[in-house]
Each structure stands twice: as C-alpha cells, then as structure tokens.
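To keep things clear, I will list the structure first and then write my remarks on it.
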Amino acid sequence: MRIHIPTFAAVVLFSLVWIFFGVAHLVNADALRPVVARIPGGVFWVYFTGIAMILAGFAIILNKWAKPACYLLALMLFIFIVVIHLPQLIAGDFSAPVNILKDLGFIAAAITIGNIRNHIRQLGQL
C-alpha cells in the first residue's frame, strides 16, 4: 500500500495535536478542575488523561503500539462525550454540541489512523 506524504503529514499533525492537548491538561489542571468536579477522583482524571494523550501522540508518531493507542484514544473521547459533554448538553451548555461533534471527529480520525499507521513505516518508505 502506497501512502503519500500528505497522509504521513496528517498523521504526524494529529499526533502533535494530542501531545499539545496532553501538555495543556498537565499545565492547566486547575483550570480544568470544574469540568471534573462531579466525577469521583476529580483532578486526578485531568492528569491521567493528559498523560494518556501525550503517550498516544508519541505512540502514533513512533509507530509503537499505534493501533491500540488510537483505539484507546477513541474510547477515551467516547467516555468524554458520555461523562462530560452529554451532561453539559442536558444542562443547557451551548458549547456542548460543538464539543460532541469535535470529539466524534477525533474518534473517526483516531480509528482511521489506527488502521493505517502500520502501513507507514517512515518518511523514506512512502
């Protein structure tokens, strides 16, 4: 299977986005505290998901456990929808539908990248 440079670039960009989101979770954990206030464990989950995002990003870039990382990332995003965004939607938060759609798009991308990542070895083998 021949993978073109734009596909490889998209995979790297996707990975870098998750590394950035993970670092943002770790740096801004206190700002995210209200989002997880009603969830048992509270701010622990902000740190946990931040580390998971960083690990997923590196797993995809390095192509080490990329498929499980992508599938677990998709599962985490689905849990975000159920645990965070749907209750926000029910409470009348106008940003909830946007966040649900954003996460559904990320879920689709994570599953797609998880399924193609093993076909992209390195840039020289495109």
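List of remarks:
- Ile84 vs. criteria over 12 Å from the mean Cα position of the chain (by Cα) and part of a helix (DSSP H, G or I): yes
- Exactly one residue among Leu26, Leu55 is closer than 23 Å to Ile113 by Cα and either surrounded by fewer than 19 Cβ atoms within 10 Å (Cβ to Cβ) or without any contact (Cβ under 8 Å) to a residue 40 or more places away in the chain (or both), and that residue is Leu55.
- Flag not set for Thr112, criterion: surrounded by 18 or more Cβ atoms within 10 Å (Cβ to Cβ) and of a type outside the set (Phe, Trp, Tyr).
- Filtering region 74-81 for residues that are loosely packed, with under 15 Cβ neighbours inside 10 Å and within 21 Å of Arg33 (Cβ to Cβ) leaves a non-empty set.
- Ala74 meets each of the listed conditions (1) within 24 Å of Pro6 (Cβ to Cβ); (2) more than 13 Å from the chain's Cα centre (by Cα) apart from (2).
- Residue check for Val98: touching a helix residue (DSSP H, G or I) at 6+ places or on another chain (Cβ under 8 Å), in a helix (DSSP H, G or I) and loosely packed, with under 15 Cβ neighbours inside 10 Å: no
Rundown of residues vs (1) at pLDDT 95 or above; (2) farther than 21 Å from His119 by Cα; (3) basic (Lys, Arg), yes/no style:
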| residue | (1), (2), (3) |
| --- | --- |
| Gly42 | no, yes, no |
| Thr49 | yes, yes, no |
| Leu62 | no, no, no |
| Ala66 | no, no, no |
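- For region 58-95, the set of residues classified as without any contact (Cβ under 8 Å) to a residue 12 or more places away in the chain and of a type in the set (Gly, Ala, Ser) consists of Ala59, Ala91, Gly92, Ser95, listed by residue number.
The values are calculated or read from the model by the stated rules, or taken from the named source; none is laboratory data. What you see is a predicted model; the values in this text were computed from it and never measured. All Cβ positions, even for glycine, are placed from backbone atoms using ideal geometry, and neighbour counts span all protein chains on display.
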